[in-house]
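Below you'll find the structure, written out as structure tokens, and then a few comments.
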Amino acid sequence: MNGWNRIERMSRGIVHYFLWPLLQLLIAMGSAICVTMKIAFAGYATQAMGMALNDGFSPTSMVSGNTPQAALTTHYNKNFIENLKARTVHLRLCTRFPMPAHAGQIFRNFLIQPLTANTTQTTEGTVGQGISVAINYQDYQLGQWADFLNISDKAFITSISDDLVNYEREMAYRLALTIDDLVMAYFDYLRTLDSKTANQDVLTGNYQLTKQQIEQVPFSMEGQNILPMDLGYYCGKIHPFFIGDLLALDNSNNSVVDILKHTPEGLMKLEELPNGPDGDEVKYIELCGARWMRSTNCTTSTTSPVAVASGLTSVRTYIAGKDAMVAIKLDRPDRTQIDDGHYKNMKLWRGEYKPGNVADPAGVVGAGTSYNAILAFGVPPDTTSRARCFDAIPQTT
């Protein structure tokens, strides 16, 4: 009996001092876990309700309104968006001559008038009289075109842009457009010099340019013995409006549209230009023995015969043969190089100014760019026009 009593007392001790506290601990832990899960589920429910009812967590304490270093800061793109420029291609329709320095201010071209046929037989034994030839000449007076643009030293040294390069490009375009307009004015004069220059004016129907003019003008010049330009083609300048008209309004068999399907657009490359492939090529369309370059810088008129007949504004198209117009540039390697008249092919001066000169002792003018070109333009020493300049009314606008 005493042994059983000791065992019973030991068992009660184990239950009272070990198992019972252990059980209470487990029950307490289970309750805590349940409470935690309940709280978590309650939080998720609250968050879900907040998202649904737009009544969630409180807003962020620091936003754009009280962080001016973020809200009031602007990132500037230092590269300018490309502006809209016309293609200046008219100088490519000229024969270009260099003029050396220290050779005067007038350039003179000569032309021998062609001899006529002699169908009269020579008298036997008679020496006869010698033939003399008539020589025409044409003088071209040199003119000078110059402009400059400069920047203060403060603006130049603090600007985020590559200002000199950007401004040189704009000045080059100014000169290119000037040359294009000067050359175009001389081509327009050919309509007064020789009436055949305007023989493709569209004076009937709805006055639109058609395939007929594109086909006939090269042969109109060939019929006057006018040679193609050095590359073997007549070269023309046409407004994109007329390209649109030809594509949209003339879609018959063997039309311009049909021809274009088999004549890919090419590149007219001038090998003597130094500025690389990015600048020395211009796109053209080859049609009927002529290469047409697109340009929006074409003469418009409200007083031309076509404009008067239609009551609208006419736009002029140009095509040239060899020596249709003469362009002379005084050779000065240290000055502006105009190349083919396209602004990307021109070489202007740009650079920084040194302080201390008499015009700006303090050096407040920091840098600049400029052009300085001595040029001359004019017709050849002939009364026969070697170009066609004709008007039509564009249907595309």
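Charge tally for Gly378 (other residues, Cβ to Cβ under 12 Å; Lys, Arg +1; Asp, Glu -1): -2. Here the Karplus relation 6.51 cos²θ - 1.76 cosθ + 1.60, evaluated at θ = phi - 60°, turns the backbone of segment 227-241 into coupling constants of 7, x, 6, 4, 7, x, 10, 6, 10, x, 10, 9, 6, x, 4 Hz, with x for every Gly and Pro.
Report the calculated FRET efficiency for Lys354 and Trp145 (r = Cβ-Cβ distance, R0 = 22 Å), to the nearest 0.05. E(calc), rounded to 0.05, equals 0.25.
Fewest first, what order do Ser195, Ser58, Ser301 take by the number of other Cβ atoms within 10 Å? All intermediate terms of the calculation are to be shown ahead of the outcome.
On the way: Ser195 10, Ser58 5, Ser301 15.
Result, fewest neighbours first: Ser58, Ser195, Ser301.
When Leu111, Leu375, Leu209, Leu249 are sorted by how many other C-beta atoms sit within 10 angstrom of their C-beta, beginning with the fewest, the order is Leu111, Leu249, Leu375, Leu209. With 31 Å as the limit, the listed pairs Lys196/Lys344; Lys211/Lys347; Lys283/Lys354; Lys196/Lys347; Lys211/Lys329; Lys78/Lys354 have Lys196/Lys344; Lys211/Lys347; Lys283/Lys354; Lys196/Lys347; Lys211/Lys329 beyond it between alpha carbons.
Exposure proxy ranking for Tyr371, Tyr318, Tyr233, Tyr137, based on other Cβ atoms within 10 angstrom of each Cβ and starting from the fewest, stands as Tyr137, Tyr233, Tyr371, Tyr318.
Excluding Arg350 itself, what net charge comes from residues whose Cβ is under 11 Å from its Cβ, given Lys and Arg +1 and Asp and Glu -1? Can you show the working numbers first?
Working: positive: Arg169, Lys347; negative: Asp162, Asp163, Glu168, Glu352.
Spelling it out: positives minus negatives among the neighbours equals -2.
At full extension, Lys154 and Ser132 could sit 0.9 nm farther apart than now, given 0.36 nm per residue minus the alpha carbon distance.
Hey, got a sec? Which trypsin sites (Lys or Arg not before Pro) in segment 70-132 land in a DSSP loop and have at most 13 other Cβ atoms within 10 Å?
On the way: sites: Lys78, Lys85, Arg87, Arg92, Arg96, Arg108; in loops: Lys78, Lys85, Arg87.
Answer in residue order: Lys78.
Using the Karplus relation 6.51 cos²θ - 1.76 cosθ + 1.60 with θ = phi - 60°, the per-residue 3J(HN,Hα) values for segment 361-370 come to x, 7, x, 7, 8, x, 7, x, 8, 7 Hz, with x marking Gly and Pro. Taking the centroid of alpha carbons for each part, segment 356-397 and segment 175-227 are 22 Å apart.
Readers should treat all values here as calculations from the given coordinates under stated rules, not as data from a laboratory. Just so it is clear, the model here is predicted, and its values are computed rather than measured. Positions of Cβ are generated from backbone atoms using ideal geometry, with glycine treated the same way; all protein chains shown enter the neighbour counts.
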